[in-house]
Amino acid sequence: LPHTTPLLPPAAPPPLAEPRPLAEPRSWPRDFTDRLTAPLPGVRALARIAREGKLRPVPETLPEIQELPFEPGPMPVAGPATLALTWAGHASWVIRIGGLTVLTDPVWSRKILGTPPRVTPVGVRWEDLPAVDVVVISHNHYDHLDAPTLKRLPRHTPLLLPAGLARWARRRGFTHVTDLDWWEAVELPAPGGPVRFDFVPAHHWSKRTLTDTCRTLWGGWMLTAPDGRRLHFAGDTGYGHWFEEIGRRFPGIDLALLPIGAYDPRWMLGPVHTDPEEAVRACQDLGARAMAPMHWSTFLLSGEPPLEPLRRVRAAWAATGRSREDLWDLPVGASRVLGDASG
């Protein structure tokens, strides 16, 4: 009989890190260039994009802006056992988990540096927000770290940041600031029990000035409710191997918030922004039960037609055969409550 090698069981995921102290002073490397998963565009690429001028939709597609889904409504009542979210636009979500109100990458400004004004209003008026218990930031690009929005918060609001960004926040008067490396975590006390926040990798980069390329880290966040339900906020990312590794370390993800816009032209943006088909594939790699698209319908940052991300993500989702109910393609301003693991 031919010799066959027995199949080995898959390796168990490494144990999750012990939560670190909140507001812990840290020392970091001078930069995080070694974390890049693709080279950044060089002078030749920047010259090409300037020559081709394809970082905005062609004029013939701009009438689609009037069709972008915008349906603001009251946020759901959320108790300690509720996991609910409201899309404010772009990568800004209001997440209710364990009795906490969490903001992700909050941008309430009408315009950010270097981009045209937003094409849909913010989905939640600032004055309608519940008290904010914590803010999580994915990286320091201006469309994700918006200083004018953060300045509207009390300075004692806890901020959870990528490695190296605590100094930026403390200089602006914030007093409860924690920055983390990939795979590190903290817990915040909450009415329903502690909520865990793990900082996880992403395929992206960081830059805020002419001299700080990759001086701070970038990534996404895994939020774990007291009852074990998990929500992955991917921040800003291209497609790659990290999704499968995140899914291996965090089995049973209930919902993945994944970017589907700002992807054209692919030769330039492919390494750092998932297109709709890649976002659906990333959801599968994560093993997530449901997906909520984001990072579209707010700022026109690239060349695809305004409504194309929605059309393509719906088609890609349908092609997988997964339940239509599990694609949370929310209009800006809309909310949805996550049921328990059985429904």
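Filter segment 291-329 down to the residues that are in contact with a Gly (Cβ under 6 Å, 6 or more places away or on another chain) and in a helix (DSSP H, G or I) and list them by number.
PRO309
GLY238 is checked against (1) open to solvent by 10 Å² or more (accessible area, probe 1.4 Å); (2) touching a helix residue (DSSP H, G or I) at 6+ places or on another chain (Cβ under 9 Å) and fails just one. What number does that condition carry?
(1)
Output the qualifying pairs, or none if there are none: Cβ atoms under 6 angstrom, residues six or more apart or on different chains, first residue in segment 136-154 and under 17 Å from PRO201 (Cα atoms), second residue aromatic (Phe, Trp, Tyr).
Taking only residues 6 or more apart or on different chains, the pairs are VAL136/TRP221; HIS139/TRP218.
Find the residue count for segment 197-233, including only residues that are touching a Pro at 6+ places or on another chain (Cβ under 7 Å) and surrounded by fewer than 21 Cβ atoms within 10 Å (Cβ to Cβ).
1
Looking at GLY192, GLY173, GLY164 in this structure, which one is outside any strand (DSSP E or B), at pLDDT below 95 and open to solvent by 20 Å² or more (accessible area, probe 1.4 Å)?
GLY192
How many residues are over 22 Å from the mean Cα position of the chain (by Cα), outside any loop (DSSP other than H, G, I, E, B) and either surrounded by 13 or more Cβ atoms within 10 Å (Cβ to Cβ) or in contact (Cβ under 8 Å) with a residue 60 or more places away in the chain (or both) if we restrict to segment 10-47?
The qualifying residues number 1.
Examine segment 138-150 for a residue that is out of contact with any strand residue (DSSP E or B) (no Cβ under 8 Å at 6 or more places or on another chain), crowded, with 17+ Cβ neighbours inside 10 Å and on the phi > 0 side of the Ramachandran plot, and state whether such a residue exists.
No.
Please work out which residue is most open to solvent (accessible area, probe 1.4 Å), limiting yourself to segment 250-270 and to residues that are under 22 Å from GLY303 (Cβ atoms) and more than 16 Å from the chain's Cα centre (by Cα).
Checked segment 250-270; the qualifying residue most open to solvent (accessible area, probe 1.4 Å) is TRP267.
The values are calculated or read from the model by the stated rules, or taken from the named source; none is laboratory data. Computed from a predicted structure; not experimentally measured. Here the Cβ is made from the backbone with ideal geometry for all residues, glycine too, and neighbour counts use every protein chain on show. Ligands, DNA and RNA are stripped out before the accessible areas are found, and what is left, the full protein with its side chains, is counted by its heavy atoms. Shrake-Rupley method; radii C 1.70, N 1.55, O 1.52, S 1.80 Å.
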